[in-house]
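The values are calculated or read from the model by the stated rules, or taken from the named source; none is laboratory data. All of these numbers come straight from a predicted model, not from anything done at the bench. Positions of Cβ are generated from backbone atoms using ideal geometry, with glycine treated the same way; all protein chains shown enter the neighbour counts. For accessibility, only protein heavy atoms count, side chains too; no ligands or nucleic acids. Shrake-Rupley method; radii C 1.70, N 1.55, O 1.52, S 1.80 Å.
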Amino acid sequence: MLKFLVIAAALFLVYKLFMGDKQKREMRKDKSIKQKVASGEMVKDPSCGTYVDKDGDIRVREGDKVHVFCSYECRDKYLKRIGASVPKEEE
């Protein structure tokens, strides 16, 4: 019985160590994203709200403003919403 309790306690401690590490990584990632947003390195995708690098490859110019998107699907949704024509995919 004592052997079972020691193994269970050891497994619990290992679990807590890994879960704590995962939470710390997520917190660091969130903090990094917030810093990049504050500094202007990242902008919000107008379609889904995801933050993307402001120098991203998927862009649409609307007047003087340039919108950056996380994916082609988000770009196409945005273009349909504003009534612009969606570019055809190249094969």
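Yes or no, residue by residue, for (1) free of Cβ contacts under 8 Å to residues at least 12 places away in the same chain; (2) farther than 24 Å from residue 83 by Cα; (3) surrounded by 10 or more Cβ atoms within 10 Å (Cβ to Cβ):
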site	(1), (2), (3)
16	yes, yes, yes
22	yes, yes, yes
37	no, yes, yes
41	no, yes, yes
44	yes, no, yes
49	yes, no, no
61	yes, no, no
71	no, no, yes
Report task. Return a yes/no flag: does segment 83-91 have any residue that is modelled with pLDDT of 85 or more and open to solvent by 60 Å² or more (accessible area, probe 1.4 Å). Result -> no
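Which members of segment 60-73 meet the condition of being over 15 Å from the mean Cα position of the chain (by Cα) and farther than 16 Å from residue 40 by Cβ?
Restricting attention to segment 60-73, the residues satisfying the condition of being over 15 Å from the mean Cα position of the chain (by Cα) are 60-67, 72-73.
If the condition is that a residue be over 15 Å from the mean Cα position of the chain (by Cα) and farther than 16 Å from residue 40 by Cβ, then 60, 61, 62, 63, 64, 72, 73 are the ones that fit.
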**Report entry** Breaking point among (1) modelled with pLDDT of 85 or more; (2) on the phi > 0 side of the Ramachandran plot, for residue 5
**Finding:** (2)
